[in-house]
Structures are given as structure tokens and as C-alpha cells.
Amino acid sequence: MKRFFAVWAVAVLMLFCCGCAAGGPQSFKVQNVDTVMGTVLQQTLYISDRETPADQEIALLLRKLEEERLSRRLETSEVSRLNQAAGEDSGSAVSDFLEEVLKGCLEIWQKSGGAFDITLGAVVSLWDIDGWASGENQGVFAPPRDEQLRKALESCGCGRMKIEGGRLYLPEGMELDLGAVGKGIALDQLLVYLREKNEITGAVISLGGSILTYGQKPDGESWSVGIADPEDTASIIGTLTLEGEWFVSTSGDYERYAEADGIRYHHIIDPATGYPADSGVRGVTILAKEGFLSDALSTACFILGEEKGMELAAGCGVEVLFVGKDGRITMSEGMKAYFTAAADHSRGE
């Protein structure tokens, strides 16, 4: 967890400090840092009513979403219940909310040629990825064996998941894991909340590697979002300058990882192999108008690599930026309108 906090410190610094002037006479700036959904929640809110406990309400909303809907580990959640019912001939009732999410995941799975897959729970468990961040493994890590991964992959594959008549049918042994899209889903829900709160005039919310900007600052300046440098996470490769409602998600091999015998294994698993993806990139940032898309596609594009990832992003109507293993920065044409490279990171296109 210490490593995770360090990785995002630079993003938080840029997020909160770049162009963030104090609010005017009728605007109060509220900042808060918390831990929710197994990651860091950062909030900067501009509120017209000092008494509005919006920062607390946002944290509670996210905890409720995790506990009731998205968590694979908490028995109280719908995803956990659905996993428990895997293999049952009658399937399991699925809520309208989660049915929409799962259908969206199936669409991205199809468009990405299987690179984005939410049925890798069994594989994720073998790698003990949750333990990397929580420290539960106490620094002891051994990668799973090839035969273990092959066996686990036999129970995976979105194409084997069926949704019909308000029920979900999972084959025996399959486990849903929404970790690759959960933060984006959560930020979509927060946008609904912010739109209903007239007293919140502007906000920037960071949930791990996903960020939501909303409204505007009292001084009218744009939001500035820093993108961490994979080689040195205490610095940035550049910033995105944004107006109004945007979602930014970054997936990188530096976010969560473990080491064994001098080899570093990161948390972004390639469904084709069961191993951490090796596509020639170290970080992918997606800029979109929907949190679900930004989060899902940052994972999919990381796994696919630059060429295929660029095609996927274009087909889904989002902007994308890649940082290669050689440090080269490439991006979609539309991303260039928002991105400004840091002074010492003007490499690439």
C-alpha cells in the first residue's frame, strides 16, 4: 500500500496544485483524502454552502457501491453472490444496474478481441494481486506455476458468460472480477451525484488511477491533471488541460507489482496467457466522457499495445496516450489538443 500511495502522490500534487486558486467569497474549497474500494480517494470540491458534507457523502456512496454491488471479496456484494452461484443450471438473478455493466463489459471484450476480460477472478487469485496492495502476503510472493494458470484459464472467458431474462449464467469455476472497470463505474455514479448537488460548482475526484473533473473553478481556470512518469513516479510526463466533465484513466505496470527472483510482475493480466501483459508499453492514459469507457479501455489498450490499442480507442470514440518501454510518448490526434508535455519529457509524437 505504501508503494501505491507513492505512485499516486505526483498525480495528486498536480491535480490539486496546478491552477487551483482559492475560491471566491461565495465558494468554499473542500479537500479530503481517504481509502475506498482498496485504493486512494482524493477529493477537491468547490461548494457554495460550507455546511454541505459532500466529501463525506461521496466516500459513503463509494463504500456502499463496493459493499452492495462490485466487490469480489465481500460476501455482501452482488458480484460475490453471482460468483457463488457459478455452475448452477438456473443461473442467478442479476440487478438492472449490474446487467447493464456486464453487457457493457461484453461489448468491450468483443471489440478488444478478448483483451478486456472480467472473468479472470480465478487467475487474479492465483497471482494474489489484492495481497500486493494490502500487504497481506507480508512480502512473500511466488508466481503461480504454468499448470496452475492453464487450469484457471479453463474457467475464464467472457464468451462463456450468458445473460438472459434478468439472470446470469456462469460456468462452474468462473469468477467475475470488476477490478479493471470498477473505479470507472464508481466515477460514473459520482457524476450523477454531482449533477444533483447544485451547491457543488466544481470538483476533481481521483480514485486510484481514474479521475473525474466536473464544473469549473471559481476563478474560471481549467483543470490540470498530471500523468505520472513510469520511470520516475515522483515526476510527470505532462498534463491534460480540461474543461467541465471528463474522465481520465491510467493503467501502468508501475501501479501494483510484486517481485520474485529478481523478476517484477505487474497486475495487468493478459487473458491470452494468464501472465502480466507484455505489449511494449508501460503506461496508457484514456480521456473519455464516460468513466466506464476510460477505465475499461486503459486496461484493454495496455494489453493490446500501441497499434491495436490506438485502433480500439478510435473505434470507441476516446483519446489515448501511450508511454512505451523506451520512454517514447505517442497519442491519438485528438489527445494532442489537451496534452502538454513536461519540460524534460518532450519525447515522442
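At a glance:
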read-out: Residue satisfying condition, being touching a residue at least 60 places away in the same chain (Cβ under 8 Å), polar (S, T, N, Q) and surrounded by fewer than 20 Cβ atoms within 10 Å (Cβ to Cβ), within set Ser235, Ser249, Ser206, Ser210; value: Ser235
read-out: Options Arg167, Arg195: the member that is of a type outside the set (A, V, I, L, M), open to solvent by 10 Å² or more (accessible area, probe 1.4 Å) and within 20 Å of Thr52 (Cβ to Cβ); value: Arg195
read-out: Close pairs from region 156-172: first under 16 Å from Ala115 (Cα atoms) and of a type outside the set (Ser, Thr, Tyr), partner part of a strand (DSSP E or B) and at pLDDT 95 or above, Cβ under 6 Å, at least 6 apart; value: Cys156/Leu120
read-out: In region 72-106, the residues that are among the hydroxyl-bearing types (Ser, Thr, Tyr), over 12 Å from Arg167 (Cα atoms) and in contact with an Asp or Glu (Cβ under 9 Å, 6 or more places away or on another chain); value: Thr76, Ser77
read-out: Test: residue in region 183-190 that is among the basic types (Lys, Arg), at pLDDT 95 or above and in contact with a strand residue (DSSP E or B) (Cβ under 6 Å, 6 or more places away or on another chain); value: yes
read-out: Elements of type helices (runs of 4 or more DSSP H) in region 80-134, at least 1 residues being farther than 14 Å from Glu172 by Cα and modelled with pLDDT of 95 or more; value: 96-111, 121-127
read-out: Residues being part of a strand (DSSP E or B), polar (S, T, N, Q) and open to solvent by less than 50 Å² (accessible area, probe 1.4 Å) - total across region 24-51; value: 5
read-out: Test: residue in region 213-229 that is under 28 Å from Val124 (Cα atoms), of a type outside the set (Val, Ile, Thr) and buried (at least 24 other Cβ atoms within 10 Å of the Cβ); value: yes
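The values are calculated or read from the model by the stated rules, or taken from the named source; none is laboratory data. What you see is a predicted model, and the numbers here were worked out from it, not measured in a lab. A quick note on method: Cβ atoms are made from the backbone with ideal geometry, for glycine too, and the neighbour counts reach across all protein chains shown. The protein model used for the area step is the full one, side chains on, heavy atoms only, and it has no ligands, DNA or RNA in it. Shrake-Rupley method; radii C 1.70, N 1.55, O 1.52, S 1.80 Å.
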